[in-house]
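What follows draws every value from the coordinates through simple rules; no lab data is involved. Note that the structure is a prediction, hence the values are computed from the model and not measured. Ideal geometry is used to build each Cβ from the backbone, glycine not excepted, and the neighbour counts take in all protein chains shown.
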């Protein structure tokens, strides 16, 4: 069967190229922005999501994970006494200054965990043994931060807050979202290196005993331990994500750019398809005269939209792939699970179909006299 | 093919008015016509006399404001918008002054796409399109785009397209208007043969006095009124 839609599209190559460029541009914007957004969303709570704690106990009024406030570690002992608590661990997060070999300083976030229990330890080890952080001022950092931290290999020494530290390992997948690299070390080392007073902790991580629910134990801790906030891990993860996504406007800004991509793509495609329809109006009129129904005409426009969307999506994805590889070399994380790619494809098809509405409206109202004008 | 005396198209006091009130324009007034198969009929008249409107009424592209249009005794003027395409598809072939070919399609595809609309599929449509183009003498130009064809060749493609699906009625709107006199005459002869040899009704709007001798009947229209 002869496809007028396909023939018309490929016949007018310049217009087709403009339409594809518009769709591809929209696809790239949406893909990259969504990818950054998802990575961002996953990153802001990456440490929370990778501990095996069920409950987080924090200082009262904490806004999010990254801005932890110290409180007395005596709370740890109170928490341990609460029925339903299998174990409780101190966990420290504190800012510090990392000295690079060039002499400059980078702000870092020290993460202190117990190397005996390994609760809150890094999970994806590239080099070294994370239990080695028990040694005096031994630290791990994420390979994505290598350049920022001065390309220090395992065994190299530098300073945090003017205290000498030794790189004992490299990890992967724990890149800080807020641009201050995480430096993993033991709780004891972190306390020494940071400005957190001794006898304090920043978090208490809790594992719920078998037979208890996290909500139930959370309530008991809230009732028993004063002047702290208590969250289940999913709650704390969401609170942190919401803070960065909504309160700071960062996530909204990323989504807004993706939405703009969608709008720009829709406008470009709608304009292209509408102009094409207008220029081919006489052909549509002729088709109508020779017996095509309105649905036959709609099918042509819809087929054009679908061809545009499929090829535009493919071109957009190719460009996005190149862009993502380039971003990854710059250690910008992008997360694009298959369902999201399928979702973007669906969105592209919807965008192109929606762009056809004006054209469909136009052909519905073709004046039959049009076909008789020479 | 219909028998030579069968009425295939009939207008019964058909009128068409555009607009309303004081700005209303009566383009066709009270026209009654009985048109038989096998006839080659010309419609002539000055610009704005109602030729195109009458052709559109006959081609089921417009509904009359009053009166009726019958195609093979089926009253089509009261059919709704969804059912009219069927009548045009099954019964009527159009030929336009400006050819109205699809520029992105080859001559063969132009005919094939019409056959597709009329229910022909795949190889069957392609084979039938080849036959029709051969019938109008374009066997060597089938794979050319309209932009590569001469005016006469384009109009032959349009004739082949009008014949797709074997309609009994051919409506032609000044088909020689954009052709030189020799080519115009050739096209007119083809159309005459479609009427006389194949038994179709060919109804043609024309201004061209050089070809009127070929017509079986010449109708004149002026201010929407028809006279023989």
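A simple spin-label model places pseudo-atoms 7 Å from Cα toward Cβ; at residue B:124 and residue B:196 they are separated by 3.4 nm. In percent, rounded to a whole number, the relative contact order of the stretch A:61-226 is 34, using alpha-carbon pairs under 8 Å and six or more apart. Extension gain, residue A:118-residue A:143: 0.36 nm per intervening residue step, less the Cα-Cα distance, totals 7.0 nm.
Shape summary: the stretch B:31-227 maps onto an equivalent ellipsoid whose semi-axes, from the alpha-carbon gyration tensor, are 26, 21, 14 Å in decreasing order. Counted over chain A with a bin width of 10 Å, the fraction of Cα pairs per bin, in whole percents, is 5, 20, 21, 17, 13, 10, 8, 5, 1, 0. The modelled label-to-label distance between residue A:107 and residue B:17, using points 7 Å beyond Cα along the C-beta direction, is 8.1 nm.
When the Gaussian network model of chain B links Cα atoms closer than 10 Å, the mean-square fluctuations of B:24, B:37, B:195 top out at B:24.
Were the residues from residue A:49 through residue A:154 laid out at 0.36 nm apart, the gain over their Cα-Cα distance would be 35.1 nm.
Residue order for B:183, A:58, A:364, B:114, fewest other beta carbons within 10 angstrom first, comes to A:364, B:183, A:58, B:114. Pick from B:25, B:157, B:87: which is most flexible by mean-square fluctuation in a GNM of chain B where alpha carbon atoms under 10 Å apart are linked? So, out of B:25, B:157, B:87, the one fluctuating most is B:25.
Mean sequence separation of contacting Cα pairs (under 8 Å, at least six apart), scaled by the length of chain A, corresponds to a relative contact order of 29 percent.
Using alpha carbons only, how many degrees (0 to 90, rounded to 10) separate the axis of helix A:13-44 from the longest principal axis of chain A? Computed tilt is about 20 degrees.
Can you work out the PRE-style zone for residue B:222? Point 7 Å along Cα to Cβ, and I want the residues of the stretch B:40-63 with backbone N under 19 Å. The answer is B:42-54. In this calculation the C-beta distance from residue A:369 to residue B:148 is compared with R0 = 22 Å, giving a FRET efficiency of 0.15. Projected label points at residue A:126 and residue A:6, each 7 Å from Cα along the beta carbon direction, are separated by 4.8 nanometres.
Taking chain B as a Gaussian network of alpha-carbon nodes connected by springs under 10 Å, the highest mean-square fluctuation of the residues B:132, B:149, B:57 belongs to B:149.
Ellipsoid semi-axes for the stretch A:48-113, based on the Cα gyration tensor and the rule √(5λ), read 29, 12, 11 Å when sorted largest first. Rounded to the nearest 0.05, the FRET efficiency derived from the C-beta distance between residue B:135 and residue A:357 at R0 = 41 Å is 0.50.
Between 0 and 90 degrees, the angle of helix A:294-329 with respect to the longest Cα principal axis of chain A falls at about 30 degrees.
Cβ crowding within 10 Å ranks A:98, A:354 as A:354, A:98, fewest other Cβ atoms first. Angle of helix A:214-224 to the longest C-alpha principal axis of chain A, folded into 0 to 90 degrees and rounded to 10: 50°. Comparing Cα centroids, the stretch A:131-203 and the stretch A:208-277 end up 29 angstrom apart. Compared with the alpha-carbon gap, the fully stretched path from residue A:263 to residue A:311 is longer by 15.4 nm at 0.36 nm per residue. Decide, for the stretch A:104-230, between rounded, prolate and oblate: order the square roots of the alpha carbon gyration tensor eigenvalues as a ≥ b ≥ c, take rounded if a/c falls under 1.5, and otherwise choose prolate if a/b is larger than b/c, else oblate. Prolate. The relative contact order of the stretch B:31-227, computed from alpha carbon pairs under 8 Å that lie at least 6 residues apart in sequence, is 37 percent.
Residues A:182, A:203, B:70, A:313, ranked from the fewest to the most other C-beta atoms within 10 Å, line up as B:70, A:182, A:313, A:203.
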